[in-house]
Amino acid sequence: MPSFAEELRILCEKGLYRSMRRVEGSQRSRVSIGGQEALLFCSNNYLGLADHPKLKEAAISAVERYGTGSGAARLVSGTMALHEELEARLAAFKGTEAALVFNSGYAANTGIIPALVGRGDIIFSDRLNHASIVDGAILSRSRLLRYPHNDISALRRLLVENWTTGRRLIVTDGVFSMDGDVAKLEELVAVKHEFDALLMVDDAHGTGVLGAGGRGSVELSGNLGGEIDIQMGTLGKALGSFGAYVASSREIIDYLTNKARSFIFSTSLPPAALAASLAALDLVDSTEGETLRLRLANNALLFRALLNEKGFCTMGSETQIVPVFVGEAETTMEFTRLLLDEGIFVQGIRPPTVPAGSCRLRCTLMATHTERDIHEAAAAIEKVGRSLRVI
Ligand SMILES: *Cc1c(COP(=O)(O)O)cnc(C)c1O
């Protein structure tokens, strides 16, 4: 029997070993790591809501009123007022008939996909979709066909060549989590109609951020919400809380309530998380939310421009997720170590998260970064990039 220690040693050798860095305090733009101050450029707390006073206040008063735990799955010990309130709010936010809350984006995708499709059905999935979509597809026992990233003609060819009398599900990230580009939703909607397929969009990184009202990639792409069968997103990233949602027709939400195993067989979200999400949605809808979205977009624009000017490739990023192409795993990890010495905390992304040879720094902007923070980070990336001959 192969030993786990040996497998760990091989991971180390290949530069693929992973470990966690301890960060003190909340997810602010400046954090303390091992006693050293660093600029945080790897958090998905895009709007800075994860320690916003309004979310904290809402969570604290929910704890006082409803306690800390939900007690069981909602089909078992009952649903709480806050679950219902949040779902009504999410359905209104997304402009759908109904919504259902899941415990995380990972739990949502591994619950929704196997509920909707199974043996005899086919899933058409963008090659760069998030791991939770891939895992959901594997769990579903459907055929999984992956099309080249954002290549709609390749998707059409796959649909023509692979017919089934069962269901066809096209699934895509709204914003691609490691590349920061946006799905071609308008074209996907046309293909979905042409082939009578279901279309599911995972808007983990678009929710709260993209579109004039922060409704996500679906709003950015011309208010396509009504054309998309299943809209999923998380509450843990820009919304600064925890959990996830699916927004859809009443029929599909009712179906998922009955069939999605990660919903049925797992204790539901606690009051504090639900209340924080509700407060986050209020904020996203406020003028403060609008200001935060604008600041985030401007920060991303400035950061990308600075990096491109210095000769880095930002890999088609159009959003607050800005990858910096490096190539090999070991150089990438050396890059992140040296950046931390310079006081910049970013993550290097390696296989299996991205294909071999396309390792990168995954930088994420927050509305709470100042222009000075961004110049400082870009200058450090330039310095280390030159020393490692990335530029
Ligand atoms: C982060 C992410 C998820 C998982 O969401 P969690 O709430 O963190 O579990 C799902 N899909 C995509 C595209 C993501 O980036």
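Brief remarks on what is shown
- Exposure proxy ranking for Leu47, Leu302, Leu283, Leu294, based on other Cβ atoms within 10 angstrom of each Cβ and starting from the fewest, stands as Leu294, Leu302, Leu283, Leu47.
- Exposed-loop-free span, longest in the chain, where chymotrypsin sites (Phe, Trp or Tyr not before Pro) count as exposed if DSSP calls them loop and at most 12 other C-beta atoms lie within 10 Å: 1-162
- Computed FRET value (nearest 0.05) for Lys310 with Glu57, which takes r as the C-beta separation and R₀ as 35 Å: 0.25
- Sorted by Cβ density within 10 Å, fewest first, the residues Glu219, Glu330: Glu330, Glu219
- Extending 7 Å from the Cα toward the beta-carbon at both Ala190 and Tyr17 defines two label points whose distance is 5.1 nm.
- Relative to the Cα centre, the charge distribution of the chain, modelled as +1 at Lys and Arg Cβ and -1 at Asp and Glu Cβ, gives a dipole magnitude of about 720 debye.
- Counting only DSSP beta bridges with both residues in the range 53-284, the antiparallel share comes to about 35 percent.
- Think of it as helices only: each DSSP H run of n ≥ 4 in the chain is worth -39500 (n - 2.57), and spread over all residues that comes to -13500 deg cm²/dmol at 222 nm.
- Between Glu376 and Phe4, the FRET efficiency estimated from the beta carbon spacing at R0 = 51 angstrom works out to 0.80.
- Annotation for Glu24 and Glu37: the two label points, set 7 Å from Cα along the Cα-Cβ direction, are 1.2 nm apart.
- Annotation for the range 224-275: trypsin sites (Lys or Arg not before Pro) lying in DSSP loop with at most 16 further Cβ atoms inside 10 Å of their Cβ do not exist.
- Order of Asp285, Asp373 under a 10 Å beta carbon neighbour criterion, fewest first: Asp285, Asp373
No value in this document is a laboratory result; all are computed from the given coordinates. Since this is a predicted model, take the numbers as computed values, not measurements. When we count neighbours, we look across all protein chains shown, and the Cβ atoms used for this are built from the backbone with ideal geometry, even at glycine.
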